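Rule-based calculations on the coordinates, nothing more; no lab input. Note that the coordinates shown come from a computational prediction; the quantities given were computed from them, not determined experimentally. Positions of Cβ are backbone-derived with ideal geometry, glycine not excepted, and every protein chain shown enters the neighbour counts.
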Amino acid sequence: MAKQGQLSEEDAKKQLRNFFADMPHSIPLVLFCEPAGKNEPFAEGARQVIRAIRELTDKVTLREYTLRHELAKEWGITRSPTLVFAPETYKIRWLGAPLGHEVQTFMEAISIIGYQEPGLSKEAMKVLAKLDSPRAVKVFVSPSCPYCPQVAANGIRAAVARPDLVSLELIDIMANPDLADKYAAQGVPQAFANEKLIGLGAQPEELFVASLAALEPQRVFIPDSDAEEIACDLVIVGGGPAGLTAGIYAARSGLQSVVVEKGVLGGQIATTPMVENYPGFTQVGGKTLVDIMVTHALEYVKIFPGEEVQMIAPGEVFTVTTTRRRFKARAVLLATGAGNKRLGVPGEERLAGRGVSYCSTCDGPLFTGKKVLMVGGGDSAVTEALHLHQIGVEVTMVHRRDKLRAQERLVTALREAAVPVRFNTEVEEILGEARVEAVRLRDNRNGEISTLAVAGVFIAIGYAPAVELAVGLGAELSPDGYIKRDARHRTTVPGVYSAGDVEGGYKQIVTAAGQGAEAALAIFEDLVDPYWIRNKRAKDTDA
């Protein structure tokens, strides 16, 4: 007898019959198994679930073959049991059986395929629409896992939405323990695409498809926007710690604000292997810290990544033109940060990306087991040299002075790691045809020239401020080439402000974040009572 509020078995069957009756497409299933194999209980479980569904509808059909059948060979089926869904239309197969919590996944698959409606959000569909190369997805699941159906359903939806590029294997780790061992997938759910881990644990569909597109786990999903023009109070140019913090404080002050970032959110932090002593963290990975900041900022402000600001037209209302749209704003904050300084030696530009690198986090793994040079003597250079050493790269440091400028703790760590340092030495030329093969070095003490064979050159000699937009607006620069501003982060152009590394000063994450907060609060106060209008009135009165 059904409890109060629950459907009786007959009522549930009736609802399912109605559901299947409205389903516009049939669902052919093909089961491959070895009747006497060790996984026969899984095969029988699959048969029972399918049999129960077929009692309710004739739109689900089943064919069963052994692994010796020609179709098994044609489709590359080698495991028993393997259940293939609608093979004429989709590339979806289940290595195992829909038992336990996975019955829910099976029903999701029947619904999605039968209606041919992925059921993904508009934002997720936009991400999938941009795929331009195949994705072979594997999702490891277990009948005892209550979180697996969500990730499995994400994979099914992606395969139905893009049958031209997305194939899916749902892998039951109980039926396939050897595959679980091969992929180190004893903990489920886990998702892989093109043999790369893209998700560990449950993921919302937007994060799943973003990870699928990027071929690496994503912790933050930023919705896209089709708007050609957006009106707001403040445009923040730059998505580093200064820009993100400014976005939070501006929004909390009541300003409608946006953050526009042409490159990677987080700026230099995103490619920093390890950040030390950021308040609240003794140590934290740079990418992890960026994800925390971006997630926080998204609660308050819209972020537009991958858009480069091409022009800012001043006026009573600023027009900020990017590569994708226009923004109309009452004020602009330049938090454009700083880019990597170049050595300016022969071979550097020609071999950039072919052994010359400015990011050990990005490119370091390509040089495992090889010899490389790290050029620089500050905190960044030593941190990156230690990172390269830790991942198995044979790294030598080159510094033009007789002493490193890095913090003593980092210098001690470098010494303990036995990373060699060539002091009083500069790079004269980077040598190689198709890729870096060697460097020509000069000893500053005696002028002696030597050649060192290396496979890569990593450069960390400081940063140059990104002031092009400021110069285009007519803003003045300091003698050192940074944006000139007053104590309230006002530039010499009314309504235009600055924050972070583009202002010079201490190159610290916490400093940049603090400057972003200061600038946002100053902008709020100035937009309530614009100082440029007040100054104009004062001049008119004096006249």
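Values computed for the structure shown
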{"read-out": "Cα-projected label distance for residue 433 with residue 104, points at 7 Å along beta-carbon direction, nm", "value": "6.0 nm"}
{"read-out": "Debye, to nearest 20: dipole size of the range 356-461, +1 on Lys, Arg Cβ, -1 on Asp, Glu Cβ", "value": "220 debye"}
{"read-out": "Overall Cα dimensions of the range 356-461 - principal axes, largest extent first, Å", "value": "36, 33, 20"}
{"read-out": "Long-range HN-HN contacts of residue 263 with modeled amide H, under 5 Å", "value": "306"}
{"read-out": "Lys, Arg +1 and Asp, Glu -1 on Cβ, resulting dipole of the chain about Cα centre, debye, nearest 20", "value": "300 debye"}
{"read-out": "Relative contact order computed over the chain (Cα-Cα under 8 Å; 6+ residues apart), in percent", "value": "10 percent"}
{"read-out": "For the range 150-211 versus the range 371-416, the gap between their alpha-carbon centres in whole angstrom", "value": "39 Å"}
{"read-out": "Proximal charge balance of residue 108 [Cβ under 11 Å; K/R count +1, D/E count -1]", "value": "0"}
{"read-out": "Descending Cα extents along the principal axes, the range 19-214, whole Å", "value": "43, 42, 32"}
{"read-out": "Per-residue ³J(HN,Hα) for the range 65-70, Karplus 6.51 cos²θ - 1.76 cosθ + 1.60, θ = phi - 60°, Hz, x for Gly and Pro", "value": "9, 8, 5, 8, 5, 4"}
{"read-out": "Listed residues 105, 53, 208: farthest to the positive end of the dipole of the range 19-214 (Cβ charges)", "value": "208"}
{"read-out": "Simple label model, 7 Å out from Cα along Cβ direction - residue 349 to residue 65, nm", "value": "6.0 nm"}
{"read-out": "CD proxy at 222 nm, helix term only [per DSSP H run n ≥ 4: -39500 (n - 2.57); per residue of the chain; nearest 500]", "value": "-9500 deg cm²/dmol"}
{"read-out": "Dipole of the range 320-363, positive direction: furthest Cα of 331, 360, 343, with charges on the beta-carbon", "value": "331"}
{"read-out": "Nonlocal amide H pairs with residue 166, under 5 Å, H built at 1.01 Å", "value": "135"}
{"read-out": "Amide H contacts under 5 Å for residue 341, placed H, 5+ residues apart", "value": "461, 462, 463, 464"}
{"read-out": "Inter-label distance for residue 34 and residue 15, nm, one decimal - labels placed 7 Å from Cα along Cα-to-Cβ", "value": "4.2 nm"}
{"read-out": "Residue-by-residue Karplus 3J(HN,Hα) for the range 53-60, coefficients 6.51, -1.76, 1.60, Hz, glycine and proline x", "value": "5, 5, 5, 9, 7, 9, 7, 9"}
{"read-out": "With Cα atoms, 0 to 90° folded angle of helix 148-161 axis to the chain main axis", "value": "90 degrees"}
{"read-out": "Karplus-derived HN-Hα couplings along the range 113-124 (A = 6.51, B = -1.76, C = 1.60, θ = phi - 60°), whole Hz, x at Gly and Pro", "value": "6, x, 9, 6, 10, x, x, 7, 5, 4, 5, 5"}
{"read-out": "Distance from the range 429-495 to the range 232-307 (C-alpha centre basis), Å", "value": "24 Å"}
{"read-out": "Burial order of peptide ranges 221-230, 108-117 (average beta-carbon count within 10 Å, highest first)", "value": "108-117, 221-230"}
{"read-out": "Computed E for residue 229/residue 529 - FRET, C-beta separation, R0 30 angstrom, nearest 0.05", "value": "0.65"}
{"read-out": "On Cα atoms only, tilt of 531-542 relative to the major axis of the chain in degrees", "value": "30 degrees"}
{"read-out": "Three-way shape call for the chain based on the alpha-carbon gyration tensor, with the a/c threshold at 1.5", "value": "oblate"}
{"read-out": "Rounded to 10°, Cα long-axis angle of helix 286-298 versus longest principal axis of the chain", "value": "80 degrees"}
{"read-out": "At R0 = 60 Å, FRET efficiency that the Cβ-Cβ distance of residue 165 and residue 541 yields, to 0.05", "value": "0.35"}
{"read-out": "log₁₀ of I(q)/I(0) at q = 0.12, 0.27 Å⁻¹ - the range 428-499, Debye sum with one point per alpha carbon", "value": "-0.59, -1.20"}
